[in-house]
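K.L.:
Quick one: this structure, given as structure tokens, is what I'll be asking you about.
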Amino acid sequence: MLHPSRIPVPPRLAPIVLACLCLTAGPAAVATTYLVEGHAFESSETLHDQTLVLNGASGSNILSAKATVVGFYLPEKKTTVEGVTQLKGSKRIRLIALRDITSKDLGTVLMDRIRQNATPDEKIENIMQIAQVGMVFSAAPQLAKGDVATIDWVPARQHTEFRINGKLIGEPVVGEAFYPMFMKVWIGPRTRPATRNNLLGTGESLTVAGQ
């Protein structure tokens, strides 16, 4: 008995067969590029063989000036702080510098926002990890305009990796409790509502590139 793929098809029926095959194959996933403050964020990214979707993206201030754009990539979209922080699987924070930012300024802002937005229990549980964040960014003198930083949660290794332009900086921060707390730098209770809502996908609609 011939395998279906080897059954000869009369030339006059070939277009019909091809159309049927296209229908049964289902729709192809279409990638979309969004622009935030002129910088591109793809609708999905792959982290350690897991596809992540863009949950939201927003401009973010450092020392009262808009200095970065940030995007959250998650296994599936979530619209609440609890949903984002408690979601299992790989996660990525993608940050692009809109201007030169010294590691001192970046470290100071991150520490301040952790203190303002993390719960007392989170701070106690992550005291060593919080100290390590300062050391991680001290490994790079600055984020130059246009630099891309990624902060990735890798569940298989139970650690968080920091990269600038794809290059690993510092040692990975170990511990499952750290990443949810760190995400609160942008979506915690004392962050700007506009930034928080945009990253949760409930704020302004993202601009599609080319439109």
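K.L.:
Distance in nm between label sites at ARG163 and THR32, each 7 Å beyond Cα in the beta-carbon direction?
P.N.:
In this crude spin-label approximation the distance works out to 2.5 nm.
K.L.:
Run through the stretch 46-134 and list the trypsin sites (Lys or Arg not before Pro) located in a DSSP loop whose Cβ has at most 16 other Cβ atoms within 10 Å.
P.N.:
Answer by residue number: LYS77, LYS88, ARG99.
K.L.:
Just flag the trypsin sites (Lys or Arg not before Pro) in the stretch 153-199 sitting in loop per DSSP whose Cβ has no more than 13 other Cβ atoms within 10 Å.
P.N.:
Answer in residue order: ARG157, ARG190.
K.L.:
Please get the size of the charge dipole for the chain, origin at its Cα centre, with Cβ charges of +1 on Lys and Arg and -1 on Asp and Glu, quoted in debye to the nearest 20.
P.N.:
300
K.L.:
Please state the relative contact order of the stretch 96-211 as a whole percent: Cα pairs under 8 Å, 6+ residues apart?
P.N.:
Here the relative contact order equals 27 percent.
K.L.:
With just the Cα atoms defining each centre, how far is the stretch 98-132 from the stretch 156-211? Give it in Å.
P.N.:
13
K.L.:
Still on this structure, I have one more. Cα to Cα, under 20 Å, and not fewer than 8 places away if on the same chain: which aspartates and glutamates meet these conditions relative to LYS78?
P.N.:
Result set, ordered by chain and number: GLU42, GLU45, ASP152, GLU176, GLU204.
K.L.:
Say the cut-off is 19 Å between C-alpha atoms; which of LYS77/LYS167; LYS123/LYS167; LYS88/LYS184; LYS145/LYS184; LYS104/LYS145; LYS91/LYS145 go over it?
P.N.:
LYS77/LYS167; LYS123/LYS167; LYS145/LYS184; LYS91/LYS145
K.L.:
Still on this model: Stretch GLU171-ALA40 to full length: gain in nm at 0.36 nm per residue minus the Cα-Cα span?
P.N.:
44.4 nm
K.L.:
Right, another one. Enumerate by residue number the GluC sites (Glu not before Pro) in the stretch 138-211 meeting two conditions: DSSP loop (anything except H, G, I, E, B), and at most 13 other Cβ atoms within 10 Å of the site's Cβ.
P.N.:
GLU176, GLU204
K.L.:
Using square roots of five times the C-alpha gyration tensor eigenvalues, list the equivalent-ellipsoid semi-axes of the chain in whole Å, biggest first.
P.N.:
Those come to 41, 20, 17 Å.
K.L.:
What is the gain in length, in nm to one decimal, between GLN50 and LYS104 on full extension, counting 0.36 nm per residue of separation less the C-alpha to C-alpha distance?
P.N.:
16.1 nm
We did not get these values from a lab; they are worked out from the coordinates using the rules stated. No experiment lies behind these values; they were computed from the predicted model shown. Every residue, glycine among them, receives a Cβ derived from its backbone with ideal geometry; neighbour counts consider all protein chains shown.
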